[in-house]
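A.B. asks: One structure, pasted below without further comment.
The values are calculated or read from the model by the stated rules, or taken from the named source; none is laboratory data. Not measured: the values here are computed from a predicted model. Here the Cβ positions follow ideal geometry from the backbone for every residue, glycine too, while neighbour counts run over all protein chains shown. Ligands, DNA and RNA are stripped out before the accessible areas are found, and what is left, the full protein with its side chains, is counted by its heavy atoms. Shrake-Rupley method; radii C 1.70, N 1.55, O 1.52, S 1.80 Å.
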Amino acid sequence: FFSVYHSVDCTTMSRDPQISKLQYQYIVFNFPHTQHQQTSDDQKEVQLAHKNNQLLLENFFFQSARLLRTDGEVHVSIWDTVFYRNWDICQIAKMQDLHLIRIIP
C-alpha cells in the first residue's frame, strides 16, 4: 500500500511520530527550495540562495536515508537550469550513501 504525506518538514521527518513508524520504498521531493526568495542577480544573494538550498537537500537526504527500506529510492524533481544544476544534488546525496540511478528529462 502507498501513503502520501503533505506539508512534511523534510529536515526532521525521521523524528515525526506519524512518518517514522514505517520504512519506505519511495520518498519523493518535488521541486525542493527554501523560502528564501531571490529578488536580484546580486552575487551574494545568489550564493545565499544556493547555500540554503544545498543545506535543505543535505538535511532531506540525511532524513530520507533513515526512513528508506534497503531497496528504497529517493526521487527529487528539479528544473534543468543552471541554478538547480549548481546545487550539485548528486554529490549531496552521495554523502548519505545515496546514488543516482537515472535522470529523466
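A.B. asks: If you take the residues of the range 4-60 that are open to solvent by 60 Å² or more (accessible area, probe 1.4 Å) and of a type in the set (Phe, Trp, Tyr), which of them is nearest to THR81 (Cα to Cα)?
C.D. replies: PHE31
A.B. asks: Moving to a separate point now. Go through (1) open to solvent by less than 50 Å² (accessible area, probe 1.4 Å); (2) more than 19 Å from TYR24 (Cα to Cα); (3) not in a helix (DSSP H, G or I) one by one and return the number of the condition ILE103 breaks.
C.D. replies: Among (1) open to solvent by less than 50 Å² (accessible area, probe 1.4 Å); (2) more than 19 Å from TYR24 (Cα to Cα); (3) not in a helix (DSSP H, G or I), ILE103 violates only (1).
A.B. asks: A follow-up question, please. How many of the residues in the range 66-86 are over 11 Å from the mean Cα position of the chain (by Cα) and either open to solvent by less than 90 Å² (accessible area, probe 1.4 Å) or farther than 24 Å from ASP16 by Cα (or both)?
C.D. replies: The first filter runs over the range 66-86 and keeps only residues over 11 Å from the mean Cα position of the chain (by Cα), leaving 66-73, 79-86.
From the residues that got through so far, the ones that are either open to solvent by less than 90 Å² (accessible area, probe 1.4 Å) or farther than 24 Å from ASP16 by Cα (or both) too are 67-68, 71-73, 79-86.
Residues meeting the conditions: 13.
A.B. asks: Test each condition in (1) in a loop (DSSP other than H, G, I, E, B); (2) farther than 19 Å from ARG69 by Cα for ALA49 and report the one that comes out false.
C.D. replies: Evaluating ALA49 over (1) in a loop (DSSP other than H, G, I, E, B); (2) farther than 19 Å from ARG69 by Cα leaves (1) as the failure.
A.B. asks: Check the range 58-81 and report whether any residue there is without any contact (Cβ under 8 Å) to a residue 12 or more places away in the chain and either closer than 19 Å to VAL8 by Cα or in a loop (DSSP other than H, G, I, E, B) (or both).
C.D. replies: Narrowing the range 58-81 to residues without any contact (Cβ under 8 Å) to a residue 12 or more places away in the chain: 70, 81.
Adding the requirement that they be either closer than 19 Å to VAL8 by Cα or in a loop (DSSP other than H, G, I, E, B) (or both) leaves 81.
Taking every residue of the range 58-81 in turn, at least one turns out to be without any contact (Cβ under 8 Å) to a residue 12 or more places away in the chain and either closer than 19 Å to VAL8 by Cα or in a loop (DSSP other than H, G, I, E, B) (or both).
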